[in-house]
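Reviewing the structure listed below.
The values are calculated or read from the model by the stated rules, or taken from the named source; none is laboratory data. On a predicted model such as this, the values are computed, not experimentally measured, just so you know. All Cβ positions, even for glycine, are placed from backbone atoms using ideal geometry, and neighbour counts span all protein chains on display. For accessibility, only protein heavy atoms count, side chains too; no ligands or nucleic acids. Shrake-Rupley method; radii C 1.70, N 1.55, O 1.52, S 1.80 Å.
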Amino acid sequence: MFYILSSLLQEGYSFARIISFFIGYILAIMVAFGMHEYAHALTAYKLGDPTPKALGRLTINPLKHIDVYGLIGFLVVGFGWAKPVEINPLNFKKYRRDMFLVSIAGVLTNLVLAFVLSGVFFFFFHFLAKPDSINGYTYSNELMFLIHYFLQYSIILNVALFCFNLIPIYPLDGFNAMKSLFRLNNKFLNFMYRWGNLLLILVIITPLFDIFYNIVTGFIMNTFFSFWGLFV
């Protein structure tokens, strides 16, 4: 984020435009993380677990889902987290099926959001922005500029959350989905509970992972925009 802000300063953007960018970026984080956790809460509730509702998590209000330290971490180093939704699997009628559905609800919501918002961004970008031979596109006011960055980073963040959380490493959703398919006293699960956090850090700092991750997320976003391009 600081790299982008410095780039905006070097390109001579006004203070108002930089503030608009900052607000759009914050809103994108809150919506992506908030809807992810709300999807977990809603799915668990629909499957018979009243715990998320009792704890005030059955809401689309992102303030109920955002972790302050996780938000700061995302702003400073580009990696953060939200408050995990607490559930009680004993309330589920079919443990394995329902745990799997709750686990993947968040990532599927992020994917759908990215798809829908990519469509909004595509038509916004092509029909409301004014072509500019130097900067590509310009906007008539700060609100348009804010909307542009909100949509842009919402797409990026939602696709990123979808891909990253599918990694089958504790404590990510991919691990929880896989856990529902195994017996509880499984060696793989025990290994992940013990070493998952360390393994996740090692994966994140591996350059090869970064390359692969960028290829996958880029492919998904290009596919979305190619789809919407069929209607223009």
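Please find, among G80, G73, the residue that is open to solvent by less than 70 Å² (accessible area, probe 1.4 Å), under 15 Å from the mean Cα position of the chain (by Cα) and more than 24 Å from M178 (Cα to Cα).
Being open to solvent by less than 70 Å² (accessible area, probe 1.4 Å), under 15 Å from the mean Cα position of the chain (by Cα) and more than 24 Å from M178 (Cα to Cα) holds for just one of G80, G73, which is G73.
Hey, does the range 165-175 have a residue that's open to solvent by 20 Å² or more (accessible area, probe 1.4 Å), of a type in the set (F, W, Y) and within 17 Å of the chain's Cα centre (by Cα)?
Within the range 165-175, none of the residues are open to solvent by 20 Å² or more (accessible area, probe 1.4 Å), of a type in the set (F, W, Y) and within 17 Å of the chain's Cα centre (by Cα).
Within the range 217-230, is there a residue that is among the aliphatic types (A, V, I, L, M), open to solvent by 80 Å² or more (accessible area, probe 1.4 Å) and outside any loop (DSSP other than H, G, I, E, B)?
There is no residue in the range 217-230 that is among the aliphatic types (A, V, I, L, M), open to solvent by 80 Å² or more (accessible area, probe 1.4 Å) and outside any loop (DSSP other than H, G, I, E, B).
May I ask you to verify whether N61 is among the polar types (S, T, N, Q), open to solvent by 30 Å² or more (accessible area, probe 1.4 Å) and farther than 14 Å from G34 by Cβ?
no
Results for (1) touching a helix residue (DSSP H, G or I) at 6+ places or on another chain (Cβ under 8 Å); (2) part of a helix (DSSP H, G or I); (3) open to solvent by less than 60 Å² (accessible area, probe 1.4 Å), shown as yes or no for each residue.
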{"site": "E86", "(1), (2), (3)": "yes, no, no"}
{"site": "L90", "(1), (2), (3)": "no, yes, no"}
{"site": "K93", "(1), (2), (3)": "no, no, no"}
{"site": "D98", "(1), (2), (3)": "yes, yes, yes"}
{"site": "I104", "(1), (2), (3)": "yes, yes, yes"}
{"site": "L108", "(1), (2), (3)": "yes, yes, no"}
{"site": "A114", "(1), (2), (3)": "yes, yes, yes"}
{"site": "S118", "(1), (2), (3)": "yes, yes, yes"}
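Considering every residue within the range 180-199, establish whether at least one is without any contact (Cβ under 8 Å) to a residue 24 or more places away in the chain, assigned to a loop (DSSP other than H, G, I, E, B), closer than 24 Å to I29 by Cβ and open to solvent by 40 Å² or more (accessible area, probe 1.4 Å).
Checked against the condition, which is being without any contact (Cβ under 8 Å) to a residue 24 or more places away in the chain, assigned to a loop (DSSP other than H, G, I, E, B), closer than 24 Å to I29 by Cβ and open to solvent by 40 Å² or more (accessible area, probe 1.4 Å), the range 180-199 yields no hits at all.
Quick check, is F2 modelled with pLDDT under 95 and either open to solvent by less than 60 Å² (accessible area, probe 1.4 Å) or more than 16 Å from the chain's Cα centre (by Cα) (or both)? Walk me through how you get there before you give the answer.
Numbers: modelled with pLDDT under 95: yes; either open to solvent by less than 60 Å² (accessible area, probe 1.4 Å) or more than 16 Å from the chain's Cα centre (by Cα) (or both): yes.
The answer is yes for F2.
Just the residues that are open to solvent by less than 20 Å² (accessible area, probe 1.4 Å) and touching a Leu at 6+ places or on another chain (Cβ under 7 Å), please, taken from the range 153-164.
Within the range 153-164, S154, I155, N158 qualify.
Sort out which residues of the range 61-86 are among the β-branched types (V, I, T) and modelled with pLDDT under 95, and write them in order of number.
The initial filter retains those residues of the range 61-86 that are among the β-branched types (V, I, T), namely 66, 68, 72, 76-77, 85.
Within the range 61-86, I66, V68, I72, V76, V77 meet the criteria.
Restricting attention to the range 27-47, and to residues there that are open to solvent by 40 Å² or more (accessible area, probe 1.4 Å) and out of contact with any Gly (no Cβ under 9 Å at 6 or more places or on another chain), which single residue is farthest from R96 (Cα to Cα)?
L27
Could you grab the pairs with beta carbons closer than 8 Å, sequence gap of 6+ or different chains, first residue in the range 46-74 and more than 12 Å from I26 (Cα to Cα), second one open to solvent by less than 40 Å² (accessible area, probe 1.4 Å) and among the aromatic types (F, W, Y)?
L47/F92; G48/F92; D49/F92; H65/F33; G70/F33
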